[in-house]
Amino acid sequence: KFCIIPDMRGRLVSRPAHAVLREAEKLVEAGVRELLVISQDTSAYGVDRKHDASPWKGREVRAHITDLAREMGQLGAWVRLHYVYPYPHVRDLVPLMAEGLILPYLDIPFQHAHPETLRRMARPAAAAKTLDEIAAWRRDCPEITLRSTFIVGYPGETEEEFQMTATAMRECQFDFAFIARYSARTGTTATNRFEDDISPEEKARRWTILNDILRETVRARNLLMVGREEEILISGEWKDETLVGRTRNFKEVFIPTTPDIQVGDIVRVNITEGDKWVLRGEKI
């Protein structure tokens, strides 16, 4: 795995496309089976460079996330994108997922659905457009998996604002989400500007509601996978002679250990069971 910018919390500084691709190629040559593209804002890759081109394999490749993903998808490893904001051009990545060039997975830092809360967070207040984009992605690539992060109890969050986030979670059908309860931290913008006016009990109530929605969604989506054949990348051993791996869309699958399967192998399995968090399968 590698980052396309050196500082996860600083200014966006993109490396030339050929430098990223050469590093990815060397990792694949060394036996890496999955490349994780991680940055502060992966969808903004190349903006600071005005999407300049650099030579690669006898042609020019732009410093643009779509071009980068297309080229990486031809290196022979799984390619997974993290921290992708839903800008309009991200829809151009979805056909690459449908073609199998990159994995059908996007990690979107949603945080909240209500525009007023997002403004207080100093984040883009375009949740409605995000919902439209997600619906379009699912039409173009039904197997796409979405992961996100949410905060409940941010200063000033009303019940109406919270309920908008709960509704958005139901509509988006996230497969994974990290839900945090806001807590004041010295030196942060929120702590300096706003009073922490939501009680711990109310934060806990809202946190529980979102987690209940998530569990219902994940269980329903996991059950849809029962009976399907999937490739999984074996990531490690589990207890009771069990191996664990992940599908191309990042679902965790447990299968019985057999002597011919090693960590790092890509194995084709039949999904036999699904519950609220994991899947179980058998090697084909």
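The values are calculated or read from the model by the stated rules, or taken from the named source; none is laboratory data. Note that this is a predicted model, so its numbers are computed, not measured. We place every Cβ from the backbone using ideal geometry, glycine too, and count neighbours over all the protein chains shown. For the accessible areas, the whole protein counts, side chains as well, though only heavy atoms, and no ligand, DNA or RNA atoms are used. Shrake-Rupley method; radii C 1.70, N 1.55, O 1.52, S 1.80 Å.
Please compute the length gained on full extension between residue 160 and residue 211, using 0.36 nm multiplied by the number of residues separating them and subtracting their Cα-Cα distance. Display every interim value, and only then the final one.
Values: separation 51, 0.36 × 51 = 18.36 nm, distance 1.80 nm.
Contour length minus the Cα-Cα distance gives 16.6 nm.
What residues qualify as long-range amide H neighbours of residue 177, i.e. H under 5 Å apart, gap of 5 or more or another chain, H built at 1.01 Å from N?
Under 5 Å from the amide H of residue 177: 148.
Report ³J(HN,Hα) in whole Hz for each residue of segment 13-20, in order, from the Karplus equation J = 6.51 cos²θ - 1.76 cosθ + 1.60 where θ = phi - 60°; Gly and Pro get x.
Result, ordered by residue: 10, 8, 7, x, 4, 5, 5, 5 Hz.
In the chain, if the dipole is taken from +1 on Lys/Arg beta carbons and -1 on Asp/Glu beta carbons about the Cα centre, which of 75, 13, 209 is farthest to the positive end?
Going by the Cα projections, it comes out as 13.
Can you list residues from other chains, or at least 5 along the same chain, whose modelled amide H is less than 5 Å from the amide H of residue 198?
So residue 198 has HN proximity to 156.
How many angstrom separate the Cα center of segment 212-278 from the Cα center of segment 108-161?
Segment 212-278 and segment 108-161 have Cα centres separated by 28 Å.
Ignoring ligands, DNA and RNA, what percent of the accessible area of the chain is carbon or sulfur (1.4 Å)?
Numbers: 7130 of 14150 Å².
Result for the chain: 50 percent of the exposed heavy-atom area is carbon or sulfur.
Could you give the accessible area per residue of segment 111-172, probe 1.4 Å, as a whole number in Å²? Can you show the working numbers first?
Working: 2670 Å² over 62 residues.
Heavy-atom SASA per residue in segment 111-172 reads 43 Å².
Taking a threshold of 22 Å on the Cα-Cα distance, which of the pairs 129/203; 239/276; 251/276 fall above it?
Going by Cα-Cα distance, 129/203 fall outside the 22 Å limit.
Among 182, 117, 90, flag the residue with its Cα farthest along the positive direction of the charge dipole of the chain, charges on Cβ as +1 for Lys/Arg and -1 for Asp/Glu.
Going by the Cα projections, it comes out as 90.
About its Cα centre, how strong a charge dipole does the chain have in debye, to the nearest 20, once Lys and Arg get +1 and Asp and Glu get -1 at the Cβ?
On the way: 41 positive and 44 negative charges, 122 e Å.
Dipole of the chain, to the nearest 20 debye: 580 debye.
Nearest 20 debye, what's the magnitude of the dipole of segment 102-184 about its Cα centre given +1 on Lys and Arg Cβ and -1 on Asp and Glu Cβ? Walk me through the numbers before you get to the answer.
Numbers: 9 positive and 12 negative charges, 37 e Å.
My answer is approximately 180 debye.
Quick check: with the 1.4 Å probe, what order do 199, 235, 54 take by accessible area, largest first? It would help to have the intermediate numbers written out before the result.
Values: 199 50, 235 80, 54 10 Å².
Putting 199, 235, 54 in descending order of accessible area: 235, 199, 54.
Note the full-extension length gain between residue 238 and residue 119 as 0.36 nm times their separation in residues minus their Cα-Cα distance, in nm to one decimal. Don't jump to the answer; show the numbers that get you there.
Values: separation 119, 0.36 × 119 = 42.84 nm, distance 4.39 nm.
Stretched fully, the residue 238-residue 119 segment lengthens by 38.5 nm.
What distance in nm separates the two pseudo spin-label positions at residue 202 and residue 23, each 7 Å out from Cα along the beta-carbon direction?
Once both label points are built, they end up 4.4 nm from each other.
Once amide H atoms are built 1.01 Å from N in the peptide plane, which residues 5 or more positions from residue 248, or in another chain, come under 5 Å H to H?
Correct list: 231.
Note down the magnitude of the dipole of segment 140-262 about its Cα centre, charges +1 on Lys and Arg C-beta and -1 on Asp and Glu C-beta and zero elsewhere, to the nearest 20 debye.
Values: 16 positive and 23 negative charges, 30 e Å.
Dipole size: approximately 140 debye.
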